[in-house]
Amino acid sequence: MAVTDAGRFSPPREHWYNNPKARSIAIQIVLVVLVVGLVAWLTNNTTTNLRERGIASGFAFLGQRAGFDMTTFMSTTSESTYGFMLLAGLVDTIIVSFFAIIIATILGLIVGIARLSTNWLVRTIATVYVELLRNIPPLLVILFWYLAVIAALPAMKDAFQLGDFSLSNRGIFMPRPILGDNFQYTFFAFLISLVIAFGVRRWAFARQMATGKTFPAFRTGLAIVVVLTLAAFLVTGDPLTFEIPAKTRFNISGGWTLPPEFVSLMLALGVYTASFIAEIVRSGIMAVSHGQTEAARAIGLKGSLVLRLVVLPQALRVIIPPLASEYLNITKNSSLGLAIGFADLVAVGNNVLNPTGQSIEVVAIWMLFYLGLSIIISFAMNVFNARIALTER
Amino acid sequence: MSDIQSQTDVYFIRREIVPASPPPMRVHGPIPWMRANLFGNIGDTILTLVGLTVALLVLIPLVQWAFIHATWDAPNREACAANTVGACWAFVKANFGQFMYGRYPDPERWRVNLFFVLMAAGIVPMAIPSVPFKGFNLLYIFVIFPVVSGFLLLGGLFGLTPVETAVWGGLFLTLVVSYVGMALSLPFGILLALGRRSAMPAVRMVCVFLIEVCRGVPLITVLFMAGILLPLFFPTGVSFDKLARALFGVSLFASCYMAEVIRGGLQAVPKGQYEGAKALGLGYWAMMRLIVLPQAIKIVIPGIVNTFIGLFKDTSLVYIISIFELLSTVRNSFTDPTWATSTTAASGLVFAAAVFWIFCFGMSQYSQFTERRLSTGHKR
């Protein structure tokens, strides 16, 4: 029976839709057609809508006079163009992110190490800090600094004074350094001494490799930099003066002003992100196995060297990638300054798209900036990872 | 041998008992604990003192502000305005209804309360591992509850008065936005993650593009896009509810973050599992549904909950397209002339922070609990 039937048996006919290759191609074609169709439909709708509303697309509006002004770090006026306003917003974003990153890193490092302390009180304070800040929206932290802390500071007339610095509900006022004619020599001296210091470090390292003799390279380098720079500064005749903020009747003129929006955004982003960085630091240090510390001690390294030569290099491998993404988060979260009127890229963009209606162009500029930044950071991270990745046999 | 013996001929035998050493220091009780944890050595003691100073410097004024000097009951701003050193809880009390329900009409608020109850009825049994009927529970969470509460909250059917979304607000709206975001981000995140790991280049490219663009920009810009550009993208006459636009933006953003979390789980499932499933003759979807995804999702539950926490915190940004969730409701009430004082803002913000904190801290504790529960088998 089986033998006679074998002749009539043919394998089941293969339908094209059961062939994995054909199927995959078909799915992809359908997807591409759908996506292209969707984009075309949306573009078509958008152009029709824009035409109906009388909005000319394109970036020509960047050259037009803006007609509004915002407090920025660049000197903008209401005569500035839209393009210049956006540039000023971009600069503000970068400045506030930069300082918030510094605060967050230092605070996060301290709190992260404190969370691993053997001292119960220190550990508990650090844990409370982290658990408190991590579970609150960043926007709330920003509003809290702006509306509850900075706004509650004394008014200008009885501001906290520390030398020529003053802190009030109008922000921080501080002296502005004015560089004299010969200041460039001090700067050159600084650069040259830096080069010399690095030379000393290289030489010391080479000598240690060759002979095993150590040399206090860091302290020597620091001394060289300080002495040379200071000498140049004094020889050229102290070319640095300060413009001290002077109280006028209602305001303070001169000097440098950090507006309350800037101060609160910077502090809020700093303390908020510090709670995340603290966790990253803690997990990074905990990721270094205890055997490493023990082995380092066994070969006779003292405490600080164990940390510097054995623990930190291994911990940094774990810490740096998430740290970089926290830095990126700070930059992105600085857009929340919009809520308190800090003129960052998004806030300026918001002011630009309202009168002009160029929403697509403005959103495109935002995306270009933030995407560009994330691509740069992730590229730098890949390079870094490749450099420090474990070299396995 | 004998040489050694002769050398050790002179020996010494102790005749009296060695005096007993003092008993070991107590290792239990408060004093040894303090010695070990607070005053171990000089450095430790200094750290303890510094810590104590910092803690007291923060705690004492805080307790004074929040409890001792606070104004608990007042009909209007006068008592609060006179009291500049304490919190104005009377303000929170007076606006409590608004903070919870927004401008949802007073007689209809039972519907919101019912919504809270229905929500808890879905989430609590899901969160407790020993409660049975997880399959039905999932159906309830993803289908039954959203549909029922949609009808319940919007009204217009079954004799319920219609309530437009423009008057929704407060904690209620925060929960709606985050619930929809969570419920949508999970399936779409899974789809995007599968797409990103697909062997088909076109599918992969579309998914990578979407994920990377969303993750690369701040949520504010995504919301701006949903709020301002969405109406431009559709033919004239098609208009979306503002809330729907916010939900679209939040869900899209959360899905992209979720996709990366799920992808981490998919990558952590050993290749043998995929090959084993294929060897059994399972197709792609059966393999994913029965073999890979259950394992992958189990691995990344902490990551999923972290994304949920982030999403819950991010709902505070929908104010950009004038949706009044908890934080913006609180913020709007600062300008209410009945209550505007110098401590109003701080009191309101502390209240909002406490509400956000309870939800987020609860979620993070739950995530740690799950992590512990699932990791028992692999502990070394």
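The values are calculated or read from the model by the stated rules, or taken from the named source; none is laboratory data. Note that the structure is a prediction, hence the values are computed from the model and not measured. Glycine also receives a Cβ, built like all others from the backbone with ideal geometry; neighbour counts cover every protein chain displayed.
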Going residue by residue through region B:102-114, is there one that turns out to be surrounded by 20 or more Cβ atoms within 10 Å (Cβ to Cβ), touching a residue at least 60 places away in the same chain (Cβ under 8 Å) and over 27 Å from the mean Cα position of the chain (by Cα)?
no
Hey, among B:I291, B:I304, B:I309, which residue is away from every other protein chain (no Cβ under 13 Å), closer than 15 Å to B:A183 by Cα and either among the basic types (K, R) or in a helix (DSSP H, G or I) (or both)?
B:I304
Region B:217-248, residues that are over 25 Å from A:N351 (Cβ atoms), within 7 Å of chain A (Cβ to nearest Cβ) and not hydroxyl-bearing (S, T, Y):
B:F234, B:P235
Is it the case, given these coordinates, that B:A268 is more than 13 Å from every other protein chain (Cβ to nearest Cβ), loosely packed, with under 14 Cβ neighbours inside 10 Å and modelled with pLDDT under 90?
yes
May I ask you to list pairs of residues, at least six apart or on different chains, whose Cβ atoms are under 7 Å apart, with the first in region B:55-68 being within 12 Å of another protein chain (Cβ to nearest Cβ) and the second being part of a helix (DSSP H, G or I) and modelled with pLDDT of 85 or more?
B:A55/A:I125
Counted residues, region A:148-175 - those being in a helix (DSSP H, G or I) and either away from chain B (no Cβ under 14 Å) or in contact (Cβ under 8 Å) with a residue 60 or more places away in the chain (or both)
5
Being surrounded by 14 or more Cβ atoms within 10 Å (Cβ to Cβ), in contact with a strand residue (DSSP E or B) (Cβ under 9 Å, 6 or more places away or on another chain) and not polar (S, T, N, Q) is true for just one of B:L171, B:L152. Which residue is that?
B:L171
Pairs with Cβ under 6 Å, 6+ apart, first in region B:352-370 and more than 9 Å from chain A (Cβ to nearest Cβ), second not charged (D, E, K, R)
B:S367/B:P302; B:S367/B:V305; B:T370/B:I301
Report yes if some residue within region A:205-221 is of a type in the set (D, E, K, R) and touching a residue at least 12 places away in the same chain (Cβ under 8 Å); otherwise report no.
no
State whether the residues of region A:159-166 include one that is crowded, with 19+ Cβ neighbours inside 10 Å and either under 23 Å from B:F351 (Cβ atoms) or not assigned by TED's automatic domain parsing to the domain that holds A:S335 (or both).
yes
Would you confirm, using the coordinates I've provided, whether B:V222 is closer than 18 Å to A:N333 by Cβ and part of a helix (DSSP H, G or I)?
yes
Scanning region A:12-70 for residues that are basic (K, R) and either assigned to a helix (DSSP H, G or I) or facing chain B (nearest Cβ under 9 Å) (or both), which turns out surrounded by the fewest Cβ atoms within 10 Å (Cβ to Cβ)?
A:K21
Within region B:68-103, the residues that are closer than 17 Å to B:V167 by Cβ, touching a Phe, Trp or Tyr at 6+ places or on another chain (Cβ under 6 Å) and not in a helix (DSSP H, G or I) are B:G102
Has region A:181-198 got at least one residue that is within 28 Å of A:S75 (Cα to Cα) and surrounded by fewer than 12 Cβ atoms within 10 Å (Cβ to Cβ)?
yes
From the residues in region B:312-345 that are free of Cβ contacts under 8 Å to residues at least 24 places away in the same chain and within 8 Å of chain A (Cβ to nearest Cβ), which one is surrounded by the most Cβ atoms within 10 Å (Cβ to Cβ)?
B:A345
Unmet criterion (only one of (1) within 30 Å of B:G97 (Cβ to Cβ); (2) in contact (Cβ under 8 Å) with a residue 60 or more places away in the chain) for B:G156
(2)
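Here's the yes/no breakdown for (1) polar (S, T, N, Q); (2) modelled with pLDDT of 80 or more; (3) part of a loop (DSSP other than H, G, I, E, B):
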site	(1), (2), (3)
B:I17	no, yes, yes
B:A20	no, yes, yes
B:P23	no, yes, yes
B:I31	no, yes, no
B:G43	no, yes, no
B:T53	yes, yes, no
B:V58	no, yes, no
B:P61	no, yes, no
Scanning region A:112-131 residue by residue, those more than 9 Å from chain B (Cβ to nearest Cβ) and not in a helix (DSSP H, G or I) turn out to be A:R115, A:L116
Can you find a residue in region B:225-243 that is outside any loop (DSSP other than H, G, I, E, B), assigned by TED's automatic domain parsing to the domain that holds B:S198, in contact (Cβ under 8 Å) with a residue 12 or more places away in the chain and within 20 Å of the chain's Cα centre (by Cα)?
no
Residue among B:C207, B:C214 that alone is at pLDDT 90 or above, within 11 Å of chain A (Cβ to nearest Cβ) and either assigned to a helix (DSSP H, G or I) or under 19 Å from the mean Cα position of the chain (by Cα) (or both)
B:C207
Can you find even one residue in region B:63-74 that is out of contact with any Asp or Glu (no Cβ under 9 Å at 6 or more places or on another chain), of a type in the set (D, E, K, R) and closer than 30 Å to B:T338 by Cβ?
yes
Just one listed residue, out of A:V288, A:V281, is surrounded by 23 or more Cβ atoms within 10 Å (Cβ to Cβ) and under 26 Å from A:F218 (Cβ atoms), and it is A:V281
Conditions (1) modelled with pLDDT of 85 or more; (2) within 14 Å of chain B (Cβ to nearest Cβ); (3) assigned to a helix (DSSP H, G or I): number failed by A:V352:
(1)
Please verify whether A:V362 is assigned to a helix (DSSP H, G or I), within 14 Å of chain B (Cβ to nearest Cβ), surrounded by 18 or more Cβ atoms within 10 Å (Cβ to Cβ) and β-branched (V, I, T), treating the condition exactly as stated.
yes
One residue is enough: does region A:300-318 have a residue meeting the conditions aliphatic (A, V, I, L, M) and touching a Lys or Arg at 6+ places or on another chain (Cβ under 8 Å)?
yes
Across (1) away from chain A (no Cβ under 13 Å); (2) part of a helix (DSSP H, G or I); (3) surrounded by fewer than 21 Cβ atoms within 10 Å (Cβ to Cβ), B:L282 clears everything bar (2)
